[in-house]
Amino acid sequence: MEERKPLTKNQTVRVVIEGYSSEGLGIARVNGQVVFVHRAIRGEECDILMMKVLKNAAFGKVIAIHTPSPHRQDSDCPYYGRCGGCDFRHMDYAEELEAKKGRVQDALQRLGGSEVQVEEILGAAETRYYRNKSQYPVGTQGAVGFYRARSHEVIPVECCLIQRPEADAAAEALRAYIRRFRVSCYDETAKKGLLRHLYVRTNAAGESLICVLGNGDGAPHEAELVAMLREAVPKAVGIVWGVNRKVGNVILGEEYRTLWGEDTLVDTLWGLRFRLSVPSFYQVNRDQAEVLYKKAVEYAALTGEETVLDLYCGAGTITLCMARHAKSAIGAEIVPEAVRDAWENAKHNGVENVEFMEGDAKIAASELARRGLRPDVICVDPPRKGLAPEVVEAAAEMQPKRIVYVSCDPATLGRDVKRFAALGYEAVRACAVDLFPRTANIESVCLLERKD
């Protein structure tokens, strides 16, 4: 029997791509070892060059395609492969959706130990210019763009195909401001320099709220900065300075000062008006957020008699949507500005059967359980890290009939589904909703019901 030779760096091998990783990389197997292949498509036979070989996995890139996939296409973005924002521009959207649906299904089965089937994936009608929130890092030499994949090198980007044109215009204005006034930019290694990020939020009407974040209380020539941003983005409603002195890759700060105009932006979602400050959480794809929340309300199966608890409620978007179909709804959120926005949003929309409380989700869940609250439905929409074990336990302790889990990371969803199963809750429905076309990110909704 011929001995299998281990893979080595710079080796060329021929493979067939079997599927996709969570980051959208193609997956092949060579001598039993998993190989992740950049820009490969399922079903393709290709030659790959080994770029990195580890103990349990290897990474390669395509150098020749012998059997191309019918889903392969040329990238429409000049930055693709350098900027780390997009992952699927080498394939058509239909194949991207299949890859994402498979990722959610795999996480629920392999990590969650669940037999629930992903019923569908709801794709976006528009895959370009959909992001209503843009966050541009500022490089040490004044580059304003996006990080190269798996690095903190900033790639200058003048036109991004998934950001709004208003955001790109603000980025160009900031570049001009940096050059004109020779403003220092933050160096993560030296922990010195001023400008760190540009943040732009744009609503459905094309109005924008702009925030410049820096390692200090203010910027030089603030009047000129405001004038340049207003000229670049005529429909801006406000410009804010954010203070971020934290070490690390945290983008937003804890202090904000309005340089001009308003410090909030109003957007409409599902017939409701939402007031959004810079720190408030709001889905980056408004149109698909409506699809996502509609599915969450469907899974909640509300009749108008239920009490709903919404953890990680942000500015109250899901809470208010649920409240329209329930007897009452309670939202919990740790960000003070978001809680204030949530109360204002309830007031301006005339929704009176809601309550919002400020606090960490696990503390809020424990406190409500201590108060003897027994919600009929609990909705959770946690950050990428998923739910803390204490939150899972507190939610199960309140014994709701249904738990609607809105997730932005299939891996942590799968992990938490397994935790809920151990506490008597079974996943019975699931679907995927694509809020992030051309990137590897995917949202999903999972319904868990209490076992009798």
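For the stretch 282-338, enumerate the residues that are more than 22 Å from Y130 (Cα to Cα), charged (D, E, K, R), out of contact with any Gly (no Cβ under 9 Å at 6 or more places or on another chain) and not in a loop (DSSP other than H, G, I, E, B).
E298, E337
Here are some conditions: (1) more than 19 Å from S277 (Cβ to Cβ); (2) exposed (fewer than 13 other Cβ atoms within 10 Å of the Cβ); (3) of a type outside the set (S, T, Y). G216 meets all but one. Which one does it not meet?
Of everything listed in (1) more than 19 Å from S277 (Cβ to Cβ); (2) exposed (fewer than 13 other Cβ atoms within 10 Å of the Cβ); (3) of a type outside the set (S, T, Y), G216 misses just condition (2).
State whether the residues of the stretch 216-226 include one that is part of a loop (DSSP other than H, G, I, E, B), closer than 27 Å to L269 by Cβ, in contact (Cβ under 8 Å) with a residue 12 or more places away in the chain and not aliphatic (A, V, I, L, M). Before you say what the answer is, go through the steps one by one.
Restricting attention to the stretch 216-226, the residues satisfying the condition of being part of a loop (DSSP other than H, G, I, E, B) are 216-221.
Filter again for closer than 27 Å to L269 by Cβ, leaving none.
Taking every residue of the stretch 216-226 in turn, none turns out to be part of a loop (DSSP other than H, G, I, E, B), closer than 27 Å to L269 by Cβ, in contact (Cβ under 8 Å) with a residue 12 or more places away in the chain and not aliphatic (A, V, I, L, M).
Check whether at least one residue in the stretch 100-118 is modelled with pLDDT of 95 or more, buried (at least 16 other Cβ atoms within 10 Å of the Cβ), in the same structural domain as D434 (by TED's automatic domain parsing) and of a type in the set (S, T, Y), and report yes or no.
Within the stretch 100-118, one or more residues are modelled with pLDDT of 95 or more, buried (at least 16 other Cβ atoms within 10 Å of the Cβ), in the same structural domain as D434 (by TED's automatic domain parsing) and of a type in the set (S, T, Y).
Of everything in the stretch 415-448, what is farther than 26 Å from Q288 by Cβ and either surrounded by fewer than 17 Cβ atoms within 10 Å (Cβ to Cβ) or under 17 Å from the mean Cα position of the chain (by Cα) (or both)? Give them in sequence order. Show your work before the answer.
So the first thing to find is which residues in the stretch 415-448 are farther than 26 Å from Q288 by Cβ, and the list is 418-419, 421-426.
Scanning the stretch 415-448 gives K418, A421, A422, L423, G424, E426.
Take D74 and tell me if it is surrounded by fewer than 16 Cβ atoms within 10 Å (Cβ to Cβ) and either touching a helix residue (DSSP H, G or I) at 6+ places or on another chain (Cβ under 6 Å) or part of a loop (DSSP other than H, G, I, E, B) (or both). Write out each step before concluding.
Working: surrounded by fewer than 16 Cβ atoms within 10 Å (Cβ to Cβ): yes; either touching a helix residue (DSSP H, G or I) at 6+ places or on another chain (Cβ under 6 Å) or part of a loop (DSSP other than H, G, I, E, B) (or both): yes.
So D74 passes the test.
Take the residues of the stretch 1-24 that are crowded, with 20+ Cβ neighbours inside 10 Å and under 21 Å from C86 (Cβ atoms): which is modelled with the lowest pLDDT?
So the first thing to find is which residues in the stretch 1-24 are crowded, with 20+ Cβ neighbours inside 10 Å, and the list is 15, 17, 20, 24.
Next, from what is left, pick out any that are under 21 Å from C86 (Cβ atoms): 17, 20, 24.
Working: I17: 97, Y20: 95, G24: 89.
The qualifying residue modelled with the lowest pLDDT is G24.
Picking from V351, V377, which residue would you name as being over 15 Å from T317 (Cα atoms) and at pLDDT 95 or above?
On the way: V351 fails: over 15 Å from T317 (Cα atoms).
The match here is V377.
Go through I41, I27 for me and flag whichever is surrounded by 15 or more Cβ atoms within 10 Å (Cβ to Cβ), outside the structural domain of P410 (by TED's automatic domain parsing) and free of Cβ contacts under 8 Å to residues at least 12 places away in the same chain. Before you say what the answer is, go through the steps one by one.
Values: I41 fails: free of Cβ contacts under 8 Å to residues at least 12 places away in the same chain.
Of the residues listed, the single one that is surrounded by 15 or more Cβ atoms within 10 Å (Cβ to Cβ), outside the structural domain of P410 (by TED's automatic domain parsing) and free of Cβ contacts under 8 Å to residues at least 12 places away in the same chain is I27.
Across the stretch 157-171, what is the number of residues that are buried (at least 16 other Cβ atoms within 10 Å of the Cβ) and closer than 22 Å to E224 by Cβ? Break it down into steps so the answer makes sense when it comes.
Pass one, the stretch 157-171, residues buried (at least 16 other Cβ atoms within 10 Å of the Cβ): 157, 160-164, 166-171.
From what is left, the residues that are closer than 22 Å to E224 by Cβ are 166-171.
Count: 6.
For the stretch 375-393, name all the residues that are outside any loop (DSSP other than H, G, I, E, B) and within 16 Å of E333 (Cβ to Cβ). So that I can check it myself, show each step before the final result.
To start, the set of residues in the stretch 375-393 that are outside any loop (DSSP other than H, G, I, E, B) comprises 377-380, 389-393.
Within the stretch 375-393, I378, C379, V380, V391 qualify.
Name every residue in the stretch 77-96 that is farther than 19 Å from Y129 by Cβ, in contact with a strand residue (DSSP E or B) (Cβ under 8 Å, 6 or more places away or on another chain) and not in a loop (DSSP other than H, G, I, E, B), in order of residue number.
M91
So which residues in the stretch 97-138 are in a strand (DSSP E or B) and of a type in the set (V, I, T)?
Taking the stretch 97-138 first, the residues in a strand (DSSP E or B) are 118-122, 131, 133-138.
Selection gives V118, I121, V138.
The values are calculated or read from the model by the stated rules, or taken from the named source; none is laboratory data. As the structure is a computational prediction, the values presented were derived from the model and not from experiment. Heads up, the Cβs are rebuilt from the backbone with ideal geometry, glycines too, and the neighbour counts pull from every protein chain shown.
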